[in-house]
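See structure below.
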Amino acid sequence: MKLKVQIVPYTLQFKRPAGTSRGVYVDHKIWYVIVSSPDNPDLWGIGECAPLFDLSCDYNDNYEQTLSSFCQKLSQEGQLDIEALRPYPSILFGLETAMLHYQQNSFQLWNTTFAKGETGIPINGLIWMGEFDYMLEQIEVKMQQGFRCIKLKIGAINFEDELKLLKHIRKHFSAEDITLRVDANGGFTPEDALYKLKRLAELDLHSIEQPIKTGQWKHMRTLTQNTPLPIALDEELIGINTPELKKQLLEEIRPQYIILKPTLHGGISGSMEWINLADSKDIDWWVTSALESNIGLNAIAQWCSTLNNPLPQGLGTGALYTNNIEMPLEIRGDCLWYNPNGKFFTKENLL
């Protein structure tokens, strides 16, 4: 069955510059894919392809052309070629979630209590990099909002100042009160990483994401063997798109956690491969969004709600943009909620 497939470029604007150890984001170019029935325009689905220009393995100057070729193939064949899409995780995520929406004819992509608006998903409060006072201000707000898990991006300011921020939290809240995660985005060196991990471990942290840059498997394995602080792999998983390579990475590094971002790590189908492999090796995991708009965030949250993972997930990015797409996603306390009776954007808003 042939489908009508349309591509809609869109640029998201950050409310405030979002800092990581790789740099600062002020906007984010994405592409929406709208799938519809040629015979019934009311039957449609939307997905979001939101690569990060400095991080995604499938982003290059020809990205839109590559996306267009896969959309043409989907239009003609009416189904996805998952194997052909493996090297293009952000495109795979956008197309497979567009098809899920099309098939369900609803933004309730799975039948879960979250999709019915009956339960929320616990999430962490995200603290972006910046000057000491700005990070402290964010921490105070998150604590006042009632977050029980806070994640700080570190590596941009002086390490001792970052320790002060963490000590400030611990001065007011014990590890039983608030779980602390940090994300170095590869900001440590193999030489200083273990020392910094020991300093951080003194503050009863839950885990650290990606302490050193990717591709240094032997160094990372040494860290996971000797660390006093559980290590979670994130960027390390990018570009590892086949089951064989995924298995090899997990067996060689043996991390304590992996973090799944469907836009970066193989879409929904590829992320499930990671989860199944991790479960077989007693490696824990959680799910995180990757700066998608509310379209992508909803798809990730709907999928996440099927997994029954009790850890706080990284799904609190919906309020980052001035021009986000209207979806009934809201944060109440430290949980993300979906309101099936809430206000949705219409397809005509984008076309």
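Rule-based calculations on the coordinates, nothing more; no lab input. The model shown is predicted, which means the values in this text are computed figures rather than measured ones. Cβ: placed from backbone, ideal geometry, glycine included. Neighbour counts: every protein chain shown.
Odds and ends about this structure:
- For region 196-204, 3J(HN,Hα) per residue [Karplus equation, 6.51 cos²θ - 1.76 cosθ + 1.60, θ = phi - 60°, Hz, x = Gly/Pro]: 5, 4, 5, 5, 5, 5, 5, 9, 6
- Computed [θ] at 222 nm, deg cm²/dmol, the chain (DSSP H ≥ 4; -39,500 (n - 2.57); rounded to nearest 500): -10500 deg cm²/dmol
- The slack between THR66 and LYS247, meaning 0.36 nm per residue of separation minus the straight C-alpha distance, is 62.4 nm.
- Rounded to whole numbers, the Karplus 3J(HN,Hα) couplings from phi for region 300-305 are 5, 5, 4, 5, 4, 5 Hz, using 6.51 cos²θ - 1.76 cosθ + 1.60 with θ = phi - 60°, and x at Gly and Pro.
- Backbone HN-Hα couplings from phi across region 72-85 [Karplus 6.51/-1.76/1.60, Hz, Gly and Pro as x]: 5, 5, 4, 4, 7, 9, x, 8, 8, 9, 4, 5, 5, 8
- Applying 1/(1 + (r/R0)^6) with R0 = 45 Å to the Cβ-Cβ distance of LYS218 and GLU330 gives a FRET efficiency near 0.50.
- Largest GNM mean-square fluctuation among SER280, SER68, SER174, using the chain with Cα springs under 10 Å: SER280.
- Full extension of the segment from GLU77 to ARG254, taken as 0.36 nm per residue of separation minus the current Cα-Cα distance, would add 59.7 nm.
- Summing +1 for each Lys or Arg and -1 for each Asp or Glu among the other residues whose beta-carbon sits under 12 angstrom from that of ILE295 gives -2.
- Selected from ARG148, ARG86, ARG199 as most flexible by GNM, with the chain as the system and alpha-carbon contacts under 10 Å: ARG199
- Region 121-348: C-alpha gyration tensor shape, a/c 1.5 cut-off, then a/b vs b/c: oblate
- A Förster distance of 25 Å, applied to the separation of the beta-carbon atoms of GLU118 and GLN145, puts the FRET efficiency at 0.70.
- Here LYS198 is the anchor, and the lysines within straight C-alpha reach of less than 23 Å, apart from those fewer than 8 places off in the same chain, are LYS151, LYS153, LYS164, LYS167, LYS171, LYS213, LYS218.
- Between 0 and 90°, nearest 10: helix 132-145 axis offset from the chain longest Cα axis: 70 degrees
- Spatial offset of region 176-218 relative to region 321-351 amounts to 34 Å, using the alpha carbon center of each.
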